[in-house]
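*Asks:* Starting off with a structure, shown below.
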Amino acid sequence: MFTVGVSIALLIWLLAVALAAPFIFGPWQPPEAITEIGRLIDQQFQLTFLLTGLIFITAQFALGYAVLRFGRKRSEPASTTEGNDRWEILWTSAAAVIFVGLALLGYSVWAEVRFDRAAGDAPPPDLTVEVVAQQFVWNFRYAGADGRFGPTQAELIDDSIGNAVGVDRDHADGADDLITARLAVPVNQEIELLLKAKDVLHNFFVPELRVKLDTVPGLTNRLRIRPEAIGTYEIACSELCGLGHYKMRAYLDVMSEADYEAWLQEQAQYLY
Ligand SMILES: [Cu+2]
């Protein structure tokens, strides 16, 4: 016959296993990472999941055990406990060490993405593309054959003729700038993305790259990527940016060098 104590302990254990199972058996894994940084982030993620998962399971089983062990029999009088200082100190400091340790480990991965590669220490990029977000479209600008982005002016912005970023076509640097709807890049090259926004906050998110960074009006956020697998990947806006947010997406095409060159030439035909 199950007592209330046994039923509660079993319920706690069952809930703990049911909550942990999807993470252990992994029906919700992210898509495979296509960058070295992506794999570093995955390792960090898995370590965090493993440690916090073990702690979660241990704590829930201990809780169920405590219910069983210290549950009051109806015939006994109620009693109180003062707790155990030694155990309190032990698990509080263990939790502090684990969480601070994870944060320090994660910091080095984060710094690799945000500082070492995005800032001045990084080698010059093989290609720089400007990513300009607006409600509810992504625009990509390539510097063209001269390798220089032309100046932009707000008055020149005209979506109806495809000049979504307001590039000055009369300027020598701006005459050959390409503005495209897809982000094409050659595989295995160092790509620098300059993230900008025309109106509100948006967020550049490509799950396979494991990068997610806000585009902020008035700021240029830099992001370095080096995709290693040819393919097409979805770019989603990951910041609620207005009524059309749900349909704000574009595609990242990682191509062979030859395909990329051909794509660039094809796009240049549509230059106005
Ligand atoms: Cu958006």
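Computed from the coordinates by the stated procedures, all read-outs in this text should not be read as laboratory data. Computed from a prediction, not measured in an experiment: that's the story for all the values here. Cβ coordinates were reconstructed from backbone atoms using ideal geometry, including for glycine residues, and neighbour counts include every protein chain displayed.
*Asks:* Work out which helices of the chain, taken as complete DSSP H runs, extend at least 24 Å along their axis over the Cα atoms and score a mean Kyte-Doolittle of 0.5 or more, then list them.
*Replies:* 4-25, 36-70, 85-111
*Asks:* Test of understanding: ordering Lys196, Lys212 by Cβ neighbours within 10 Å, fewest first, what list do you get?
*Replies:* Lys212, Lys196
*Asks:* With a sphere of radius 12 Å drawn around the Cβ of Ala145, what net charge do the other residues whose Cβ falls strictly inside it have (Lys, Arg +1; Asp, Glu -1)?
*Replies:* Local net charge: -4.
*Asks:* Right, next: What does the C-alpha gyration tensor say about the overall shape of segment 27-85? Classify as rounded when a/c is under 1.5, otherwise prolate if a/b is larger than b/c, or oblate.
*Replies:* prolate
*Asks:* Next question. Assuming a strict under-25 Å limit between Cα atoms, what lysine pair count do you get for the chain once near-sequence pairs (fewer than 8 apart, same chain) are dropped?
*Replies:* Qualifying lysine pairs in the chain: 5.
*Asks:* Right, something else. Can you put Leu40, Leu68, Leu195 in order, fewest other beta carbons within 10 Å first?
*Replies:* Leu68, Leu40, Leu195
*Asks:* A further question on this structure: Restricting attention to segment 65-113, which GluC sites (Glu not before Pro) occupy a DSSP loop and are surrounded by at most 10 other Cβ atoms within 10 Å?
*Replies:* Glu82
*Asks:* Here's a follow-up. In percent, how large is the relative contact order of segment 1-103, given Cα pairs closer than 8 Å and 6 or more residues apart?
*Replies:* 45
*Asks:* I would also like to ask the following. Using Cα pairs closer than 8 Å and at least 6 residues apart in sequence, work out the relative contact order for the chain, in percent.
*Replies:* Result for the chain is 18 percent.
*Asks:* Provide, for q = 0.12, 0.14 Å⁻¹, the log10 of I(q)/I(0) from a solvent-free Debye sum over equal Cα point scatterers in the chain.
*Replies:* Taking Cα atoms of the chain as identical point scatterers yields -0.84, -1.03.
*Asks:* With springs connecting C-alpha atoms under 10 Å apart, model the chain as a Gaussian network and identify which of Gly162, Gly83, Gly26 has the largest mean-square fluctuation.
*Replies:* The residue with the greatest mean-square fluctuation here is Gly83.
*Asks:* Could you give the C-alpha radius of gyration of segment 189-264 expressed as a fraction of 2.2 N^0.38 Å, taking N as the number of residues it contains?
*Replies:* Expressed relative to 2.2 N^0.38 Å, the Cα Rg reads 1.17.
*Asks:* Then there is this: Using all Cα-Cα distances in segment 137-272, what percent lands in each 5 angstrom bin from 0 up to the longest?
*Replies:* 2, 10, 18, 23, 21, 17, 8, 1
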